[in-house]
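Here is the structure we will look at, set down as structure tokens.
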Amino acid sequence: MTMLLDLAKEFKKKLITDNPVFEHSLHNKRIALVFFENSTRTRFSFELAARHLGAGTLNFMASSSSVSKGETLSDTIKNLEAMQVDAFVLRHPSSGAADLITGITSKTVINAGDGSHEHPTQALLDIFTLREYFGRIEGLKVIIIGDVLHSRVARSNIYGLLASGAQVGICSPVTLIPPDASRLGVSLFNNLDQAIAWADTAIVLRLQLERATGGYLPSLEEYSVHYGLTDERLERIQKHLLVLHPGPINREIEISNNVADRIQPPGYSKSMLLEQVTNGVAVRMAVLRTLLAH
């Protein structure tokens, strides 16, 4: 992981210059972006990352493909492989979809999010963002707030952060805590004030709004009152808190407008939401270069 983060750091230096000059180590590669779910940040950042490295991309959208006529995931992948693509970046609503595809293709498969299972490159960019800001990961106290039960982002971050030496806590309504949480090596909080007082930084998860009507939550309003990250809550602990969010955000539900938009002091928090987007391109460049440049 350290090697990927160091490489991403070099790519970011080029990204933020006025006239970036990138290598073209993937100029002979073709990457299929196979997205069965809507995406803005992940899909576009992978596409930009590939183009910065000189690779060609094929954009696959399930709604306008033969999937709408009943084609299976396996047949879709086999047909794209027959077009001589070199790698698949896969986003799919079913957990385990990426593992399934690795069993039917010899090409590189990159998991861009599968169901509620994992989202590895999101965790990498979050860890990169924290390392860049704090200068380290080891010893940091990171609180993950929200719907951990259904979050692929949370699971990948927990694994990556713990492996990097951070302390990880989760704060969530009891209905949205995974049943295996006690075996994940994390601290459990159900009081948000106590959680953010403990933490150095918070990763706020998107509340999947359908959960409010699925029996997991009494109401969005009650969730916001008890688990929404607001200026008032941060002022009560009078402590600087770095705030991350994988996006898209539900404003005034899991996070207030002021907290989401505060990128400069003064205040008790600093938002890294847009920084994460920039970092996502750099991290995905590092992943593609590492896996495909040969």
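A short reminder: the numbers here are calculations on the coordinates, not readings from a lab. Computed from a predicted structure; not experimentally measured. Cβ coordinates were reconstructed from backbone atoms using ideal geometry, including for glycine residues, and neighbour counts include every protein chain displayed.
What you get for the chain, charging only the Cβ of Lys and Arg (+1) and of Asp and Glu (-1), is a dipole of about 640 debye around the Cα centre. For region 8-19, the Karplus equation 6.51 cos²θ - 1.76 cosθ + 1.60, evaluated at θ = phi - 60°, returns couplings of 4, 4, 5, 5, 5, 4, 6, 4, 8, 7, 5, 10 Hz by residue, with Gly and Pro reported as x. The fewest-to-most ranking of Arg233, Arg91, Arg51 by surrounding Cβ atoms within 10 Å reads Arg51, Arg233, Arg91.
Only the Cβ atoms of Lys and Arg (+1) and of Asp and Glu (-1) were treated as charged; on that basis the dipole of region 45-146 about its Cα centre amounts to roughly 160 debye. Neighbour counts of other Cβ atoms within 10 Å put Leu207, Leu73 in the fewest-to-most order Leu73, Leu207.
Here the residues Met285, Met3, ranked from fewest to most Cβ neighbours within 10 Å of their Cβ, fall in the order Met3, Met285.
Give me the base-10 log of I(q)/I(0) for region 120-276 at each q in 0.20 Å⁻¹, Debye formula, one uniform scatterer per Cα, rounded to two decimals. Summing over Cα pairs of region 120-276 leads to -1.36. Reported to the nearest whole Å, the Cα centre-to-centre distance from region 1-66 to region 179-241 is 32.
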